[in-house]
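> The structure is given below, and queries will be raised subsequently.
The values are calculated or read from the model by the stated rules, or taken from the named source; none is laboratory data. Quick caveat, the model's predicted, so the values are computed rather than measured. Heads up, the Cβs are rebuilt from the backbone with ideal geometry, glycines too, and the neighbour counts pull from every protein chain shown.
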Amino acid sequence: MKLKEIAQFVHGVLKGPGDLEIIGIARIEEARAGDLTWFSHPRYKKWLSKTQASCVVVLNEEDAPDINMIKVDNLAIAMESLLLKFYPLTPLPTAGISKLATIGGNVKKGKNISVGDFVCIGYETEIGDNTIIMDGAYIGNKVKIGKDCQIHPNAVIKEDVFLGDRVIIGAGTVVGSDGFAYNRIAGRYKKMPHRGGVILEDDVEVGANSTIDKSVVGSTIVRKGTKLDNLVHVAHNVIIGENSILCAQVGIAGSVNIGNNVVIAGQAGVPDHITVGDNVVIAAQSGVTKDIPEGITVSGFPARPHIESNRAYSLLIDLPNLFKRVKKLEEQCKKQ
């Protein structure tokens with residue numbers, strides 16, 4: 001595409017030659033002549049003058065005198081549109097049920113569904129219109145799957161799981177596995193029966209190789225619009241609110257209640273029976289030990305307000321110097 005066509009496509013303002021042709025999109029530090037790139041974070045400021053890209057997409061307030069630019073109101077939306085334009089998504093499987101699939105009795109099949117090779121679907125399961133179940137997936141008994149869902153290869157959806165509309169389940173993910181709950185009786189662990197289910201509401205997305213456990217009774221619930229990264233574990237009887245984000249390797253223990261619009265960064269952990277309020281941010285590798293009220297950012301172990309955590313960490317870094325000073329003072333006191 002020519003730069004003038006790209007500017008028009010993203011409703012941006014072009015600063016540069018309109019007839020210059022763009023053949024691809026690349027990261028700002030890797031781009032070459034013919035590439036389009038974007039500037040999204042202050043840490044890449046130095047690359048505005050160093051990049052070899054033919055043009056940079058920026059927010060309206062940015063300016064650099066010596067490079068071609070397309071200025072836009074919303075950088076994320078512009079780049080999403082351009083990436084899909086230059087690199088269209090791989091087509092999803094077409095509607096149809098493979099002869100190699102195994103389907104139980106009394107299964108209700110919606111219109112235009114796609115069921116791949118070696119899929120196994122249990123009895124009395126419901127599959128909504130336009131849903132795609134890819135090769136090797138397992139769908140248990142009495143599962144309800146809404147419209148326009150995507151179940152990726154080798155995912156497991158066990159019995160008594162409910163998926164709303166437009167739910168995406170990543171490859172290798174397990175939804176509805178038994179929770180990790182045991183009672184110690186006479187020196188031995190006896191498994192607690194799990195007879196509940198899992199509910200994933202509309203527009204929930206779960207990445208690859210994650211696990212969401214079924215509840216003891218009732219349901220483990222992930223509310224609408226929430227996104228789980230790869231390798232996330234959600235234990236039994238957890239409730240996660242709407243439009244929240246759980247990044248890779250987050251672990252949520254049993255009976256935790258997480259609010260709406262919460263962000264939990266990578267490798268953070270939340271122990272059982274904790275409540276996390278709305279609009280909370282839990283920083284990467286944080287260890288939560290108590291309830292978190294709404295609207296604050298926490299970090300560290302034990303997780304505490306981020307400002308406090310930074311102060312404590314800065315003191316910890318200075319601890320060797322402080323120790324030397326104390327030893328020196330002790331020696332001076334002994335001499336006196």
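> So the check is Cβ under 7 Å with 6+ separation or different chains; which pairs have a first residue in the range 49-61 that's in the same structural domain as Leu14 (by TED's automatic domain parsing) and a second one that's surrounded by 15 or more Cβ atoms within 10 Å (Cβ to Cβ) and of a type in the set (Ser, Thr, Tyr)?
Thr51/Thr37; Ala53/Thr37; Val56/Thr37
> Considering only residues that are at pLDDT below 95 and among the hydroxyl-bearing types (Ser, Thr, Tyr), look in the range 63-97 and name the one that is nearest to Thr51 (Cα to Cα).
Tyr87
Per-residue answers, yes or no, for (1) assigned by TED's automatic domain parsing to the domain that holds Asn243; (2) surrounded by 11 or more Cβ atoms within 10 Å (Cβ to Cβ); (3) modelled with pLDDT under 95; (4) within 18 Å of Val250 (Cα to Cα):
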position	(1), (2), (3), (4)
Thr275	no, yes, no, yes
Val288	no, yes, no, yes
Asp291	no, yes, no, yes
Gly300	no, yes, yes, yes
His306	no, yes, yes, no
Tyr313	no, yes, yes, no
Ile317	no, no, yes, no
Leu329	no, no, yes, no
Gln336	no, no, yes, no
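> Exactly one condition in (1) within 30 Å of Lys46 (Cα to Cα); (2) assigned to a loop (DSSP other than H, G, I, E, B); (3) touching a strand residue (DSSP E or B) at 6+ places or on another chain (Cβ under 7 Å) is not met by Asp66; state its number.
Of everything listed in (1) within 30 Å of Lys46 (Cα to Cα); (2) assigned to a loop (DSSP other than H, G, I, E, B); (3) touching a strand residue (DSSP E or B) at 6+ places or on another chain (Cβ under 7 Å), Asp66 misses just condition (3).
> State yes or no: is Ala95 among the small types (Gly, Ala, Ser), over 30 Å from Gln8 (Cα atoms) and crowded, with 18+ Cβ neighbours inside 10 Å? Reasoning before the result, please.
Working: among the small types (Gly, Ala, Ser): yes; over 30 Å from Gln8 (Cα atoms): yes; crowded, with 18+ Cβ neighbours inside 10 Å: no.
So Ala95 does not fit the description; no.
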